[in-house]
Amino acid sequence: MMLKEILADEYHILEAENGQIGLEVLEKNRETIALVLLDVMMPIMDGYTFLEKVKENKELSLIPVIIMTQ
């Protein structure tokens, strides 16, 4: 939430409540997403699984990912 507030004035922010939805958002918007801020601890699909799936896809794997955790 804090990062969203900091970045929202400069960037269009897309959010997902879990890794599965995050992957769907990424696939749908891959042409316009410049960076993924990824939390390791997420329900349904954790950050590690999300990252594995992203790296399996040639187009998605080109998008930079910053991994965060609490």
Listed by chain and number, the aspartates and glutamates with an alpha carbon less than 13 angstrom from that of K53, same-chain partners under 8 positions apart left out, are E24, E27
Length-normalised contact order of the chain, Cα under 8 Å, at least 6 apart, in percent, tallies to 33
Along the dipole axis of the chain (charges at Cβ: +1 for Lys and Arg, -1 for Asp and Glu; origin at the Cα centre), the most positive-end residue among A34, L60, G47 is L60
If amide H atoms are modeled at 1.01 Å from N in the peptide plane, then the residues at a separation of 5 or more from V36, or on another chain, having amide H under 5 Å from its own are V65, I66
Carbon and sulfur atoms account, in whole percent of the 1.4 Å probe accessible area of the chain, for 54
Within the chain, DSSP-loop chymotrypsin sites (Phe, Trp or Tyr not before Pro) with at most 11 other C-beta atoms within 10 Å are Y11
Listed by chain and number, the residues whose amide H is under 5 Å from that of R30, excluding neighbours fewer than 5 places away on the same chain and using placed H, are none
Quick shape summary for the chain, equivalent ellipsoid via Cα gyration tensor, semi-axes whole Å in descending order, reads 18, 15, 10
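Counting only heavy atoms of protein chains, what accessible area per residue, in Å², does the chain have with a probe of 1.4 Å?
Working: 5510 Å² over 70 residues.
Averaged over the residues of the chain, the accessible area is 79 Å².
The values are calculated or read from the model by the stated rules, or taken from the named source; none is laboratory data. Just so we're clear, the structure is a prediction, and the values are computed from it rather than from any experiment. As a convention, Cβ positions derive from the backbone with ideal geometry for all residues, glycine included, and neighbour counts pool all protein chains shown. Remember, those area values only see protein heavy atoms, side chains included, never the ligands or the DNA or RNA. Shrake-Rupley method; radii C 1.70, N 1.55, O 1.52, S 1.80 Å.
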